[in-house]
Amino acid sequence: MRRLVAICLCLATVAVQAAASPDIFLGDSLRQLGLAPLAREKTDGFGLERHGAKGLPTFVAEANKDYLLVEGVKFYLDDPIGLLRGKLTVTRIDYDKVIVPLAWRLPTPRPAAQRILLDPGHGGKDPGKVHPTLNYTEKAATLDTAIRLKLLLEKQGCEVLLTRDRDVAIELDDRAPMASKAKVDLFVSLHYNGGAAGDHSSAGIETYCLTPTGQHSTNKAAGRADLTAEPGNRFDTFNLQLAFNVQRQLLTQTGAEDRGVRRSRFAVLRTLTCPGILIEGGFVSSRTEGALIANATYRQKIAQAIADGIADYGRQLRAK
Ligand SMILES: [Zn+2]
């Protein structure tokens, strides 16, 4: 009987360990990275912490939220932020895969950001999302944005290639290999979003990077059990920095709702041999945002923000 109890206890311990990586105190961990607690603001409630330091991003965290705000940009976490003895906690995996890459200096050797492959989503027989009344397609909007972005990046001195420069179909699995074939430094896939049938109010911009090794994807439909390491995971830190810089510029320049930096094992990101991101530049299906995307001035704004985000990322690569 005693032996049976011992076995049961042992199994219970294993189950607890498998359920979640151990939590660590957010403030103590950030202090190791050179950040210090910042003054509270009047509106801050219980369970909200601010951390920052000169030359480092500001982190705002709140108990029970499944994201952190980094310089005001939403970063989704694997697990909600916890509260223990009045202090916030995060899981070890979120600390290693989200916080450290954003707060610590970039590892060396660092890739360049000079030769860039832009990937306008969809094309040919695949229109992507279709606007219900304004009569435009996602495939047309992404191609137009890519051509605008190409010009802006070339003005910044970059060399720019496109996965497609006209209305043709390209298989999802064929897009990432084009990056390695062309030996580019950076891959940027451009998309616009769509809500479920009848949803005309969901809006906002989100930027995806490949789910870092050991983390779960934020699009739950992809399955929380998929923890496979992919070739693109060699660039986890750079993917995250690129996503951060681009998402921050997109939010600042458009004023769109922040749907955050998200993670997915998308076919276009999995096998990349360089850093890459996928941008969902707003909802075609939204009454208001869908009308904005139909407008060339707005698409120019989106292109400018992405170009500026890539320039910011390039400056970080060159920083000491
Ligand atoms: Zn799309």
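Scoring 39-47, 24-32 by mean Cβ neighbours within 10 Å over their residues and listing the highest first yields 24-32, 39-47.
Descending by average beta-carbon neighbour count within 10 Å, the peptides 92-105, 155-168 line up as 92-105, 155-168, the highest first. Comparing Asn245, Asn135, Asn295 in a Gaussian network model of the chain, where Cα atoms under 10 Å apart are tied by springs, the biggest mean-square fluctuation is seen for Asn135. The simple spin-label model puts a point 7 Å past each Cα toward its Cβ; for Ala267 and Gln114 those points are separated by 3.3 nm. Remark: the range 203-212, residue by residue, has Karplus-estimated 3J(HN,Hα) of 8, x, 10, 9, 10, 9, 10, 4, 4, x Hz, where x stands for each Gly or Pro and the curve is 6.51 cos²θ - 1.76 cosθ + 1.60 at θ = phi - 60°.
Shown for the chain are the DSSP H helices of 30 Å or more along their axis, judged by Cα atoms, with a mean Kyte-Doolittle hydropathy of at least -1.0: 296-318. Ordering Ile279, Ala113, Leu151 by Cα displacement along the dipole of the chain toward the positive end leaves Ala113 in first place; charges were set at the Cβ atoms of Lys, Arg (+1) and Asp, Glu (-1). Net charge dipole, the range 115-318: roughly 240 debye, given to the nearest 20, about the Cα centre with Cβ charges of +1 for Lys and Arg and -1 for Asp and Glu.
Scanning residues 5 or more positions from Gln114 or on other chains, those with amide H under 5 Å from its amide H are Asp185, with H placed 1.01 Å from N in the peptide plane.
The listed peptides 170-181, 198-209, ordered by packing as a protection proxy, come out as 198-209, 170-181 (highest mean of other Cβ atoms within 10 Å first).
Gain on full extension, evaluated as 0.36 nm per residue between Ala182 and Leu33 minus their Cα-Cα distance, stands at 49.9 nm. With a Förster radius of 35 Å, plug the Cβ-Cβ distance of Thr297 and Asp173 into 1/(1 + (r/R0)^6) and report the FRET value to the nearest 0.05. Efficiency, from the Cβ-Cβ distance: 0.50. Excluding same-chain neighbours fewer than eight residues apart, the aspartates and glutamates reachable from Lys183 by a Cα-Cα span under 14 Å are Glu159.
For the chain, what mean projected area does the convex hull of the alpha carbons give, in nm²? Across all orientations, the chain yields a mean hull projection of 20.2 nm². Could you please state, rounded to a whole Å, how far the C-alpha centre of the range 44-104 is from the C-alpha centre of the range 246-320? So the separation of the two Cα centres works out to 22 Å.
Since every read-out is calculated from the coordinates, none of them should be taken as a lab result. Because the structure is predicted, anything quoted here is derived from the model rather than measured. Glycine also receives a Cβ, built like all others from the backbone with ideal geometry; neighbour counts cover every protein chain displayed.
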